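Q: Next up is a structure, given as structure tokens.
The values are calculated or read from the model by the stated rules, or taken from the named source; none is laboratory data. Everything numeric here is computed off the predicted structure, so don't read it as measured data. Cβ sites come from the backbone with ideal geometry, for glycine too, and all protein chains shown count toward neighbours. These area figures cover heavy atoms from the full protein model, side chains too; ligands, DNA and RNA do not enter into them. Shrake-Rupley method; radii C 1.70, N 1.55, O 1.52, S 1.80 Å.
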Protein chains: 2
Amino acid sequence: MPTHYRGTAGERRALNAYIALLRAAESVTSRLAGPLGREGLTTGQFGVLEALLHLGPMCQKTLGRKLLRSGGNITLVVDHLEHRGLVSRRRAGADRRFVTVELTEAGKTVIRQTFPSHAKRIVGEMKPLAPGEQESLRRLCRRLGRGGGA
Amino acid sequence: MPTHYRGTAGERRALNAYIALLRAAESVTSRLAGPLGREGLTTGQFGVLEALLHLGPMCQKTLGRKLLRSGGNITLVVDHLEHRGLVSRRRAGADRRFVTVELTEAGKTVIRQTFPSHAKRIVGEMKPLAPGEQESLRRLCRRLGRGGGA
DNA sequence: CTCAAATAGTTTAATATTAAACCATATGGC
DNA sequence: GCCATATGGTTTAATATTAAACTATTTGAG
């Protein structure tokens, strides 16, 4: 659904690129969320578990930064995961402000079971693009993610 | 934040492209949401108003399809907009199931005031990419948005 | 040493987001 | 004409998402 805005060519180009970016991200994520939900995880919960699996235990602040989520949201998502016994929290260092989050054994089991099939689905979602195109997409998106805003 | 998953090269490529896509979409949207919020609109509300401005009145089902949102969510967002007097709803056709949503005069005023500055911000966010690159991004994303899932 | 400023996390309030259940309306095979 | 099925919208329940306010802890200038 491209924009119907009648601005300059440059404006329309930027708007159309932005809209296409959003729609791609939203529709792919939406398609991936269904199977994930049937395994009992929301997209956000999966993101937390995956970060902890691959990057190791970390404080909530770091989690929020890596996942681009607010502090309040991390607290809530980690609350739920903790309730399910998938992660644990503790104030592990000398600085008592920091709460370190790490996977429990149950959490490791769940994410190790879930991740491979999720990865396969992502591969499938990227199939419309050839390898070089996937690379191009990645490079273009990384430049946007850094923050434009002239 | 690329994946630390040790799968095949193809898997890592797909995962990294997907992650970059998500991060770009989320970070740009997040940066745009701030100024929009200060004008009193959420991203979702803006989407509805903009669609109605450029595409004309339409039923909620159509709104949901164009904006990639669920029926329940459209009901809620439109509820709030209606409460603020920015849109109106009526069962306009012979089929009494359909609710047509359209901008009120107040709604037109708001979106006409808000849209140009928002468009400018989007242009700014796309600045890291040259015109041709914006085109490439749009083409790549459109192919993903259609639904892969091999 | 004191205390203003900074920082991590939590709470609060408002809105968003979905799937599923529910209700009203329309459709079309029998 | 009857009724099972389909469809648009609403409601329900659960979770997500944010900014701002709040609490506790840390830092570093004076």
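Q: Scan the stretch B:35-53 and give yes if some residue there is within 10 Å of another protein chain (Cβ to nearest Cβ) and closer than 20 Å to residue B:92 by Cα, otherwise no.
A: Within the stretch B:35-53, one or more residues are within 10 Å of another protein chain (Cβ to nearest Cβ) and closer than 20 Å to residue B:92 by Cα.
Q: A follow-up question, please. Output yes when any residue across the stretch A:34-50 is modelled with pLDDT of 95 or more, in contact with a strand residue (DSSP E or B) (Cβ under 8 Å, 6 or more places away or on another chain) and either within 14 Å of DNA strand C (Cβ to nearest atom) or open to solvent by 70 Å² or more (accessible area, probe 1.4 Å) (or both), and no when none is.
A: Yes, that holds for at least one residue.
Q: So which residues in the stretch A:21-35 are within 11 Å of DNA strand D (Cβ to nearest atom) and farther than 20 Å from residue B:137 by Cα?
A: Residue satisfying the conditions is A:33 alone.
Q: Based on this model, can you work out whether residue A:84 counts as within 9 Å of DNA strand C (Cβ to nearest atom) and open to solvent by 60 Å² or more (accessible area, probe 1.4 Å)?
A: Details: within 9 Å of DNA strand C (Cβ to nearest atom): no; open to solvent by 60 Å² or more (accessible area, probe 1.4 Å): yes.
Judged against the criteria, residue A:84 is not a match.
Q: Also, I was wondering about something else. Could you look through the stretch B:91-101, keep only residues that are open to solvent by 50 Å² or more (accessible area, probe 1.4 Å) and touching a strand residue (DSSP E or B) at 6+ places or on another chain (Cβ under 6 Å), and pick out the one that is farthest from DNA strand C (Cβ to nearest atom)? Before you say what the answer is, go through the steps one by one.
A: Pass one, the stretch B:91-101, residues open to solvent by 50 Å² or more (accessible area, probe 1.4 Å): B:91-92, B:94-98.
Then drop every residue that is not touching a strand residue (DSSP E or B) at 6+ places or on another chain (Cβ under 6 Å), which leaves B:92, B:98.
Numbers: B:92: 12, B:98: 8 Å.
It comes out as B:92.
Q: Additional query: With respect to residue B:66, determine if the residue is closer than 18 Å to residue A:20 by Cβ and within 12 Å of chain A (Cβ to nearest Cβ). First the steps, then the outcome.
A: Values: closer than 18 Å to residue A:20 by Cβ: yes; within 12 Å of chain A (Cβ to nearest Cβ): yes.
Yes.
Q: Which numbered condition trips up residue B:60, out of (1) assigned by TED's automatic domain parsing to the domain that holds residue B:104; (2) in contact with a Ser or Thr (Cβ under 6 Å, 6 or more places away or on another chain); (3) open to solvent by 30 Å² or more (accessible area, probe 1.4 Å)?
A: Against the list (1) assigned by TED's automatic domain parsing to the domain that holds residue B:104; (2) in contact with a Ser or Thr (Cβ under 6 Å, 6 or more places away or on another chain); (3) open to solvent by 30 Å² or more (accessible area, probe 1.4 Å), residue B:60 comes up short only on (2).
Q: Residue B:31: touching a residue at least 40 places away in the same chain (Cβ under 8 Å), open to solvent by 40 Å² or more (accessible area, probe 1.4 Å) and either more than 14 Å from residue B:115 (Cα to Cα) or assigned by TED's automatic domain parsing to the domain that holds residue B:108 (or both), yes or no? Explain how you work it out, then say what you get.
A: Numbers: touching a residue at least 40 places away in the same chain (Cβ under 8 Å): yes; open to solvent by 40 Å² or more (accessible area, probe 1.4 Å): yes; either more than 14 Å from residue B:115 (Cα to Cα) or assigned by TED's automatic domain parsing to the domain that holds residue B:108 (or both): yes.
Yes; evaluated as a whole, the condition is true for this residue.
Q: Return yes or no: is residue B:114 touching a residue at least 24 places away in the same chain (Cβ under 8 Å), within 17 Å of residue B:49 (Cα to Cα) and more than 18 Å from the chain's Cα centre (by Cα)? Break it down into steps so the answer makes sense when it comes.
A: Details: touching a residue at least 24 places away in the same chain (Cβ under 8 Å): yes; within 17 Å of residue B:49 (Cα to Cα): yes; more than 18 Å from the chain's Cα centre (by Cα): no.
The answer is no for residue B:114.
Q: Now for a separate question. Condition first: aliphatic (A, V, I, L, M) and not in a helix (DSSP H, G or I). Now tell me which residues in the stretch A:93-150 satisfy that. If you could, list the steps in order and put the result at the bottom.
A: Keep residues of the stretch A:93-150 that are aliphatic (A, V, I, L, M), which gives A:94, A:99, A:101, A:103, A:106, A:110-111, A:119, A:122-123, A:126, A:129-130, A:137, A:140, A:144, A:150.
Within the stretch A:93-150, A:94, A:99, A:101, A:103, A:126, A:129, A:130, A:150 qualify.
Q: Sort out which residues of the stretch B:106-131 are more than 8 Å from every other protein chain (Cβ to nearest Cβ) and among the β-branched types (Val, Ile, Thr), and write them in order of number.
A: Answer for the stretch B:106-131, where residues must be more than 8 Å from every other protein chain (Cβ to nearest Cβ) and among the β-branched types (Val, Ile, Thr): B:109, B:110, B:111, B:114.
Q: Could you grab me the full set of residues in the stretch A:30-68 that are within 15 Å of the chain's Cα centre (by Cα) and over 20 Å from residue A:110 (Cβ atoms)?
A: Selection gives A:30, A:31, A:62, A:64, A:65, A:68.
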